Amino acid sequence: MSSVKIGVFGCGNMGKALVLGMKSRFPDAEFYLYTPTETKARELAGHVHGHLVRALNEMPSDLHWYVLAFKPQSLDDFQFQFKADSRIISVLAGVSTAKLIQKFSVERVARLMPNTPSSIGEGANLYFLNQSFSKADEIAFVELLGATGRLFKMTTESDLDLTTAFSGSGPALVFELARIFEAELLRMTEGRVDAKEIVAQTFSGSAGLMKSEKSFEELRLQVTSKKGVTHEALEVLKNKDLQGLFREAFEAAYKRTLELSK
Ligand SMILES: NC(=O)c1ccc[n+]([C@@H]2O[C@H](COP(=O)([O-])OP(=O)(O)OC[C@H]3O[C@@H](n4cnc5c(N)ncnc54)[C@H](OP(=O)(O)O)[C@@H]3O)[C@@H](O)[C@H]2O)c1
C-alpha cells in the first residue's frame, strides 16, 4: 500500500479532504492532481508533495486508483480515456455506477459518499462497489479510504443515495444548528460569553456521548427532568414539529439526489 498511486480529478473541499486523509495514513502514497484552473491542484500538490497534472492528457493512465471529485454538473464536460481495467472511485452525489461505466467504458466503479470530517480522519463515509471488483480490490479500497474515517458499506446503490443527505450533507445540518445556538447565545448574553467555544464544546462533548451504548433517546432523557429547563425547550421544538421539518429537508435532498442522477 505504501507505493499506491492515485489520480485525482478535482481538488475542492472533498478532493482535498480525501487526499489529506489518505496521505496522513500512507505518507508514501503518490498523488497526481488535476483541476481545470490548476490553482487548487497546485496548492494541494504542495501540501502532499504530489504531482501537478497541468492537462488531462498528462494524467498517467496506469495508476492504481482514480478519484472523481468534481461536481456532478461537470461530468458532461469531463472527457478522459481511462484504460478498461482502471479502478475508479466517484464521489459525485447521485451519479450512478451504470452511468459512469457507460461513459468511461470501464468495469470497476466504486461510489464513495464521504463527508468533510474526512479531512481530520473522522468521516462517516458510505461506499458501494459494483460486482466487477474482486475481494482483493475491496480490501485495498477499505484500507486506503479507511484513513479518512469510518466506512459504511452499502449493499445497494439506492441505499447510498437515500443515506447521502444524512452523512454527506449531515455536517452542514449540524453546523447550521451550531450556528443557531451561537447566534441565540450571543443575542441573549449581548455578546458577553465566548459562544463559539461553548457551543463547539457542547457539540463535541455530546458527540462523544453519542458513541456510547445508550440510545439517543436515553441520552436526551438523562438531560431532561420533568418540568425542568430542558423540558421547556424541547416542548417548543415538539410543538413546532421539528421532526416534520427535518423530514421535509431530507426528502428534498433525496429528490435533488435523484435529479442529479439523470
Ligand atoms: N462537499 C461535501 O461535503 C461533499 C460530500 C459528499 C460528496 N461530495 C461530492 O464531492 C464532489 C466535489 O464537491 P466539492 O464540495 O469538493 O466541490 P468544490 O469544492 O467546488 O470542488 C470542485 C473541484 O472540481 C474541479 N473541477 C471542475 N470541473 C472539473 C473538470 N471538468 N474536471 C476535473 N475537475 C474539475 C474544480 O476545479 P477548479 O478548482 O479548477 O475550479 C474544483 O477543484 C461533488 O461531486 C459532490 O457531490 C461533496
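Numerical summary
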item	result
Qualifying residues in segment 213-262 (those that are more than 30 Å from Val95 (Cβ to Cβ) and of a type in the set (Asp, Glu)) - the one surrounded by the fewest Cβ atoms within 10 Å (Cβ to Cβ)	Glu213
Answer from Arg179, Arg187, Arg220, Arg192 - the residue that is more than 19 Å from Ile120 (Cβ to Cβ) and in a loop (DSSP other than H, G, I, E, B)	Arg192
Selection within segment 95-127 - farther than 19 Å from Ile6 by Cα, within 16 Å of the ligand (Cβ to nearest atom) and either over 13 Å from the mean Cα position of the chain (by Cα) or in a helix (DSSP H, G or I) (or both)	Val95, Ser96, Thr97, Lys99, Lys103, Thr116, Pro117, Ile120
Exclusive hit being among the hydroxyl-bearing types (Ser, Thr, Tyr) and either out of contact with any helix residue (DSSP H, G or I) (no Cβ under 9 Å at 6 or more places or on another chain) or more than 30 Å from Gln73 (Cβ to Cβ) (or both), set Thr202, Thr257	Thr202
Matching residues in segment 58-109 - criterion: being over 16 Å from Ser261 (Cβ atoms) and among the small types (Gly, Ala, Ser)	Ser61, Ala69, Ala84, Ser86, Ser105
Criterion violated by Gln201 - all others in (1) surrounded by 14 or more Cβ atoms within 10 Å (Cβ to Cβ); (2) at pLDDT 95 or above satisfied	(1)
Among (1) at pLDDT 95 or above; (2) part of a helix (DSSP H, G or I); (3) surrounded by 17 or more Cβ atoms within 10 Å (Cβ to Cβ) - the single one Ala172 does not satisfy	(3)
Test: residue in segment 153-164 that is of a type in the set (Val, Ile, Thr), within 26 Å of Val223 (Cβ to Cβ) and within 16 Å of the ligand (Cβ to nearest atom)	no
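The values are calculated or read from the model by the stated rules, or taken from the named source; none is laboratory data. The shown structure was predicted, so the numbers you read here are calculated from the model rather than taken from an experiment. Every residue, glycine as well, gets a Cβ built from its backbone with ideal geometry; the counts of neighbours run over all protein chains shown.
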